[in-house]
Each structure stands twice: as structure tokens, then as C-alpha cells.
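What follows is a short report on a single structure.
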Amino acid sequence: MPLPEDISPETLLALASAQIQAGNFPGAAEAISRAAEYAVHHAQHEMLCKTVEALIRLGGSLYALNRLTEATAAYEAALAGSPDNPTIITHLANVDLAGNRLPKAIDGYERALSLRPEDPWIRYCLGLAYLTAGDFRRGWEYFEARIDRQPLWHELNRRRWRGIPSVPPGKSILFLTEQGFGDVFHFIRYVPPVVAMGFRVSVLVQPALKPLLTSQPWLEAVYDKHDKRPDFDEYCPLLSLPWILSQNAHALPVAAPYLSVPPDRLAQARARLSGFAGPKIGVVWAGNPRHENDRMRSLSLKRLAAVLPKEGASFFSLQKRCPAADREALRRLPELHDLSDELPDFAATAAFVSQLDLVVSVDTSVAHLAGALGVPLWLLLSFAPDWRWQLGRCDSPLYPSARLYRQPSPDDWDSVLGRVTHDLAEFVRTCQGREATSSHPVKLCGGL
């Protein structure tokens with residue numbers, strides 16, 4: 001229904017805001033366009049600024065829904081009203097990055113940074129783009145801007161460690177975990193080289209990680225938020241380690257496995273899984289729903305279950321929190337053994353993962369854990385995945401045991417699951433063949 005001709009620009013913008021909230025994006029775009037025309041015709045600079053802000057909000061809503069073409073149009077309209085605006089240029093670069101147009105995204109971020117050189121948001125976005133491109137020298141440098149953009153969740157009255165010669169060997173360094181569980185499993189690999197320099201090292205982690213990390217021999221101590229504040233000389237954000245080590249001429253280690261499992265948990269998991277026949281395969285189909293990109297990276301159980309062979313293997317759900325929409329589907333899949341009640345922490349999860357022949361997972365913490373343990377991992381990735389998986393490759397320098405299954409186009413899980421269906425059937429046949437030719441019980445296709 002067309003808008004009346006006599007609506008004021010203020011009313012048009014209010015209507016646009018309501019339309020954005022209701023998901024009527026074409027209606028919102030029309031209302032904003034009408035308000036912008038009025039502002040230009042009547043030379044009302046303040047109103048024009050308000051229409052630019054409205055277009056930015058519209059672009060952000062479309063971007064969140066992965067409607068990238070429409071988001072680009074909204075941001076370009078905003079840029080026409082505010083040329084050389086670094087915020088809008090960065091938003092456009094974000095859209096290009098989400099569309100895997102990596103060179104164009106980097107050009108956009110660099111242009112925005114030239115206009116606002118100290119902006120931590122722009123520097124951080126540029127760092128992610130460089131890391132995606134495999135330019136780690138510049139990527140780690142700009143990645144440091146995350147600390148200015150979002151201060152650490154710890155209040156510590158100590159100096160930050162920035163590498164030798166900041167503090168002499170023999171002193172203690174407390175590493176602070178950041179972001180999600182998967183980031184800890186990824187970046188904890190960079191701690192042993194610091195220990196090798198002669199430092200005493202401890203970490204402050206989320207409670208669910210403490211039992212697993214306590215068993216790592218290279219850590220002096222592991223604390224969580226419930227513990228008394230530890231004594232230490234300097235602190236360091238865990239995700240800053242690659243930058244620090246690269247600045248101090250230390251090669252960045254990438255070899256896995258680099259995590260070990262507590263022996264008592266290992267024995268429990270081994271006993272629990274001992275009676276199951278065929279290759280043992282763990283699955284994870286959904287990540288943390290609070291993750292900003294979870295809609296793009298997660299699957300429904302119904303879609304993933306369709307690729308699982310009906311016989312010849314034993315399947316286990318490693319999903320700690322089953323999404324509400326999948327609970328009924330899980331109850332209807334007796335062949336998928338639910339381990340969620342047996343996973344109180346990541347030490348238990350690591351023990352079960354270590355006894356599996358394969359883990360099939362979307363991009364979430366269990367995938368990183370499998371890679372860190374050296375367990376075969378098939379990782380199901382969205383079209384524009386997280387920076388650490390880079391673009392255009394089916395392997396990962398982070399985790400040699402990983403095979404990457406990428407969407408060839410946005411939201412195309414069908415192609416991914418079609419390849420997984422074929423490869424799983426072949427995997428099961430191969431494992432059965434190995435078992436048939438062995439006169440002794442063997443670990444079928446990997447694991448610890």
C-alpha cells in the first residue's frame with residue numbers, strides 16, 4: 001500500500017523504524033527514501049543525518065539476516081548521504097567479508113582506517129579479514145584491537161605481559177581466557193612455548209574448563225571465578241599469545257594433539273563405550289544460541305540425522321544442551337545415543353571424544369576439542385565461516401586431523417550434507433573392512 005503524500009519526514013522515519021522491527025524491509029526502505037528526498041529538497045541537514053542513521057539500522061537488520069544484497073543497497077544509500085563515512089564503509093566491508101569477497105573487504109577496511117586510524121572496531125575487523133586471508137603478520141597485529149574494543153572481564157591490578165624482556169624468566173604469568181570455549185582450545189596451544197622460556201604459567205578459565213586444563217602438565221595452576229584471586233607477576237590475554245610469540249621470533253606451534261585427558265575420566269569413557277559395535281562416531285549439530293553467528297553455523301538435528309547410516313556404526317550425541325526444537329527428534333532417534341547427562345564438564349567430553357573414531361560437528365567448541373586431541377574431525381562450515389578456517393581449503397593447518405566441508409553458496413547445507421552422506425558410508429565400509437581383517441580388537445579409524 002503506497003504511503004500518503006503528506007506524511008512528515010519525522011513520521012516517515014518513525015514508520016521506517018516500526019517497519020524494520022516488523023521485518024517489512026521494503027516498506028522501511030521506501031519510508032526512509034521519502035524522508036531523504038524531503039531533506040535534500042528542503043536542505044535540512046539534520047533530517048538528512050537522521051535518514052542516514054535509519055539506513056544504517058536497516059542495513060544492520062538485513063545483514064543480521066544474511067540478506068547481503070539488500071544490506072549493501074541500504075549501506076550504499078547511507079554512504080551517498082554521508083560520503084567518506086568510515087562507519088558506513090566498515091559496514092559495507094563487513095557485508096563483503098560475509099560474501100567471501102575478501103580483497104574487496106580488506107580494501108574497504110583499509111579505506112575506513114585511513115579516515116579514522118585509531119578506531120578499535122575498524123582495526124579489529126581488518127585484523128579478522130587479514131587472518132581469514134592467511135596474512136598472520138598483519139592479522140595478529142590488528143587483532144589486538146579487540147582488547148580496546150571490549151575490555152577484559154577481569155579487573156586485575158597487575159601489569160600486562162607483552163613478551164620478553166617485559167618480565168624475566170622464572171616469574172609467573174597468568175593467562176586470561178577470552179571469548180568462547182573453542183577459542184580456549186584453539187589458543188591454549190601457545191602456552192607451552194611460554195613455559196619453555198622459563199616462566200611459571202597459570203590460567204584463569206571458565207569453570208567448565210578447569211577439570212580438563214588442570215590435568216595439563218605444563219600448567220602450574222588453573223583457576224576459575226570461584227577461586228581466591230591468584231598471586232602472579234603479570235597477566236596476559238590468551239588470544240594475544242600468537243602476536244607476542246611472533247614478535248619475539250618464536251615459531252607458532254600448530255601441531256596437534258596438544259591436550260591430554262585425565263586418566264580417571266578416560267577409564268570411565270572407555271568402559272562406557274566398550275559394548276558398542278562398529279566405528280564410534282560423535283555428532284554435534286548446534287552451537288551456543290547466544291553466538292552472534294549461530295543462525296548461520298548451526299543445523300537442526302533432523303537435517304543432520306538424515307545423513308547417518310542406519311547400520312554399521314554407533315552414533316553418539318555430544319550436544320551438551322539440546323536445542324528445544326530438537327528434543328523430540330532426539331527422543332525419536334534411539335540409534336543416536338545421548339551422552340548429554342554424562343558431560344558435566346569438558347574433561348568428561350574430552351574423554352568421550354578421545355574414544356571415538358570420528359567426530360562430525362558444526363563449528364563449535366567440541367570441534368576444537370576434537371582437533372586439539374588429534375581425533376578425526378569432519379567440520380561442517382557455513383559459506384562465510386569463522387576467520388580461522390580461512391577460505392577455499394578442505395584441510396586446516398590448526399588441526400591436521402580435520403576435514404572441512406564448506407557450503408558452496410550461502411545457506412546451502414544440502415550440498416554439504418550430500419558429501420557427508422557419501423563419505424560417511426565409505427568411512428563405515430572402510431572401518432568394517434579393517435575390523436574384518438584383524439584378528440585382534442583394534443581402534444577402528446583413529447582416536448586415542
Can you tell me the alpha carbon radius of gyration of the stretch 263-436 divided by the globular rule-of-thumb value 2.2 N^0.38 Å? 0.98
So how much slack lies between residue 288 and residue 411, counting 0.36 nm per residue of separation and subtracting their Cα-Cα distance, in nm? 42.4 nm
Please give the charge dipole size of the stretch 263-436, origin at the Cα centre, charges +1 on K and R Cβ atoms and -1 on D and E Cβ atoms. Round to the nearest 20 debye. 40
Hey, if you put +1 on the Cβ of every Lys and Arg and -1 on every Asp and Glu Cβ in the chain, which of 32, 306, 358 ends up farthest toward the positive end of that dipole? 358
Assign unit charges at the C-beta atoms only (+1 for Lys and Arg, -1 for Asp and Glu), then state the dipole size of the stretch 9-130 relative to its Cα centre in Debye, rounded to the nearest 20. 240
Of the candidates 397, 169, 334, which one comes out as most mobile in a Gaussian network treatment of the chain with C-alpha springs shorter than 10 Å? 334
Run through every distinct alpha carbon pair of the stretch 366-436 and return the Kirkwood hydrodynamic radius in angstroms, one decimal place. 13.1
Using only Cα atoms and rounding to the nearest 10 degrees, what angle (0 to 90) does helix 120-132 make with the longest principal axis of the chain? 50
Rounded, prolate or oblate: pick one for the stretch 80-153, where a ≥ b ≥ c are the square roots of the eigenvalues of its C-alpha gyration tensor, a/c under 1.5 means rounded, and failing that, prolate if a/b is larger than b/c, else oblate. oblate
Please return the longest stretch of the chain lacking exposed loop sites, where chymotrypsin sites (Phe, Trp or Tyr not before Pro) count only if DSSP places them in a loop and at most 16 other Cβ atoms lie within 10 Å. 277-448
Rank 14, 142, 81 by how far each Cα sits towards the positive end of the charge dipole of the chain (+1 on Lys, Arg Cβ; -1 on Asp, Glu Cβ) and give me just the farthest. 142
Of the DSSP beta bridges with both residues in the chain, give the percent that are antiparallel, rounding to the nearest 5. 0
Where a ≥ b ≥ c are root eigenvalues of the Cα gyration tensor, a/c under 1.5 meaning rounded, otherwise prolate if a/b exceeds b/c and oblate otherwise, the stretch 9-130 counts as oblate
Could you calculate the contour length gain from residue 197 to residue 337, that is, 0.36 nm times the residue separation minus the distance between their Cα atoms, to one decimal place in nm? 45.9 nm
Treating every alpha carbon of the stretch 356-402 as one equal point scatterer without solvent, the Debye formula yields log10 I(q)/I(0) values at q = 0.18, 0.24, 0.30, 0.31 Å⁻¹ of -0.47, -0.83, -1.28, -1.35
Taking each pair of different alpha-carbon atoms in the chain once, compute 1/r for the pair, average those values, and report the inverse of that mean as the Kirkwood hydrodynamic radius in Å to one decimal. 24.4
Assuming R0 = 25 Å, what is the FRET efficiency of residue 246 and residue 65, from their Cβ-Cβ distance, to the nearest 0.05? 0.10
How big is the charge dipole of the chain about its Cα centre, in debye rounded to the nearest 20, if each Lys and Arg gets +1 on its Cβ and each Asp and Glu gets -1 on its Cβ? 1440
Determine which residues of the stretch 379-409 fall in the zone a paramagnetic label at residue 255 would reach in this model, i.e. backbone nitrogen under 19 Å from the point 7 Å along Cα→Cβ. 396-402
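FYI, it's all coordinate maths here, none of it is from the lab. Quantities reported herein were computed from a predicted structural model and do not represent experimental measurements. Don't worry about glycine lacking a Cβ; one is built from the backbone with ideal geometry, like all the others, and counts go over all protein chains shown.
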